[in-house]
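Notes follow the structure.
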Ligand code: AVJ
């Protein structure tokens, strides 16, 4: 047996408490906001999976193409004995990395790190079946809170793919990257996926697809809150909107209240009024430039050694080290 029991930094109770705090803060703020991390219940993860196969949503395919092309380079440059993947989800793209690192004959350990213990267990089992010699040591946690608790193994490679870093605002990114820097020790590596700035029409289409899958994904967060916090959001009374904000260089997903209404959240003992047409932000998805990524990494004490893009130049993978 090469699979170890997950290290749990966050149990379902902590998560529920955290959600209560975040949702109260977001719904009583002006303008209203909800954090994107609550999209991913079972249904939300399924919808996100569907998004990754939409014609308009290029990031997943583009990153896949880069990994196809350069996973072996990552393996030979880093020679990492441990791969830690943050926000690993199903770890599908990571298979390419794991295979390359294993072919190099150096990889001993895979540490998938995610908030969702169910997804984590499935991913750990799939990887163990495919690479039986590998030690798979999952960690359940929130990458904004628990990176300090992840073991520091010398020379480890930390992967953060899918441009999930784009869902953090600049302040959150600075804190996150500083935590990653300390997780790397003196000889570790960061493999970071970032979506790049491109024509606004393509960006908005990627977040507002013709089939309405992203709209469903966005509205699903209201169902998550209804179930988890005893709320009574009328999901059909909110419409999805995606807006490119060039000033912040991010796509904002919003939910627009179709009428004046009051939402009750029983578990929070809270009533929240919405005006007709009021917009609530549910996600930012930052789009980067090479210079921007390089600067943010440098501010965290990391130097970029490799920068790879897909042939169209839509997304980038950077490799950096202290
Ligand atoms: C892949 C989680 C970063 O911002 O593109 C997809 C999620 N949101 N469509 C992204 C998402 C709307 C997403 N992440």
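Within segment 148-166, restricting attention to residues that are touching a strand residue (DSSP E or B) at 6+ places or on another chain (Cβ under 6 Å) and either outside any loop (DSSP other than H, G, I, E, B) or near the ligand (Cβ under 10 Å from one of its atoms) (or both), the residue that is farthest from residue 194 (Cα to Cα) is 157. Looking only at segment 133-147, residues that are touching a strand residue (DSSP E or B) at 6+ places or on another chain (Cβ under 6 Å) and either in a helix (DSSP H, G or I) or within 14 Å of the ligand (Cβ to nearest atom) (or both) come to 1 in all.
I'd like to know if segment 222-234 contains one or more residues that are assigned to a loop (DSSP other than H, G, I, E, B), within 14 Å of the ligand (Cβ to nearest atom) and crowded, with 16+ Cβ neighbours inside 10 Å. No.
When residue 187 is tested against (1) surrounded by fewer than 16 Cβ atoms within 10 Å (Cβ to Cβ); (2) within 24 Å of the chain's Cα centre (by Cα); (3) in contact (Cβ under 8 Å) with a residue 60 or more places away in the chain, exactly one condition is not met: (2). Filtered by the rule that a residue be surrounded by 12 or more Cβ atoms within 10 Å (Cβ to Cβ) and part of a loop (DSSP other than H, G, I, E, B), segment 6-28 gives 6, 9, 10. I'd like the residue in segment 29-52 that is part of a loop (DSSP other than H, G, I, E, B) and within 12 Å of the ligand (Cβ to nearest atom) and, out of all such residues, is nearest to the chain's Cα centre (by Cα). Per the stated criteria, the residue is 40.
Among the residues of segment 198-221, just one is crowded, with 16+ Cβ neighbours inside 10 Å, over 30 Å from residue 290 (Cβ atoms) and out of contact with any helix residue (DSSP H, G or I) (no Cβ under 7 Å at 6 or more places or on another chain), namely 215.
Within segment 295-322, the set of residues being under 15 Å from residue 170 (Cβ atoms) and either touching a strand residue (DSSP E or B) at 6+ places or on another chain (Cβ under 9 Å) or surrounded by 16 or more Cβ atoms within 10 Å (Cβ to Cβ) (or both) comprises 296, 297, 298, 300.
Each reported figure results from applying straightforward, stated rules to the coordinates on display, with no laboratory input. It should be emphasised that the depicted structure is a prediction, and the values quoted were computed from it without experimental measurement. For neighbour counting, all protein chains shown are included, and Cβ atoms are generated from backbone atoms with ideal geometry for every residue, glycine included.
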